[in-house]
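What follows is a short report on a single structure.
Nothing in this text is a laboratory measurement; each read-out follows from the coordinates by a stated rule. Quantities reported herein were computed from a predicted structural model and do not represent experimental measurements. Because the Cβ atoms are built from the backbone with ideal geometry, glycine has one as well, and the counts that use them run over all protein chains shown.
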Amino acid sequence: MVSHQNIVVETTDSDQLSGLRELSNPEGDLFLRFYIESGQEFALPAQGIREVLALAPDQITPIPNVSPVLMGVLNLRGQVVWVTDIGQFLGHTKPLDTDCQEISIIAIESNEIIVGLAVDKVMDMDWLDAEKLSPSLSASDNMAPFLRGEWALSTNQFLRLLDPEAILRSARWAS
């Protein structure tokens, strides 16, 4: 679990003599939240993310005769990186809309292996308590091997935590 020292920011409140106020300590772990094309929300641990990109669709080069979950490859500062529609990788049938000006890609990395996850919409970085994760009971069989758990946001809405190691080591890349 990560805990930071108090963060101090300037304020314009004329009642405070010092001109500074203290923010509460963020506790937990840092996660990147995003949506896939089906509208479901997911998170990834910040430690496994190399970077987040917004690329024109023509910057992803399609490769023939590869796994159907692969959209193609991109050049990331001289390194070839495979890109997948993470929604389809997780078993959703609705493909990512590539008829747009930019595609959001989250590059995940482990042991010098990098894969780009194409997503519908990148949201925020949030501090979340991983100890409050519950098992993903409503996840499909296709998705379950890639989940660490989920946080309940409301009665029918969940924030699901993906396991980047499981994604990178998946046998689905070969199918």
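The slack in the chain from Ser134 to Trp173, taken as 0.36 nm per residue of separation less the alpha-carbon distance, amounts to 11.3 nm. Legend: calculated FRET efficiency, Tyr35 to Gln79, from the Cβ-Cβ distance at R0 = 30 Å, rounded to 0.05, equals 0.65.
So how strong a dipole does the stretch 60-175 carry about its Cα centre when Lys and Arg Cβ are +1 and Asp and Glu Cβ are -1, to the nearest 20 debye?
Value, rounded to 20: 260 debye.
Our estimate of slack between Gln59 and Trp127, defined as 0.36 nm per intervening residue step minus the Cα-Cα distance, is 21.3 nm.
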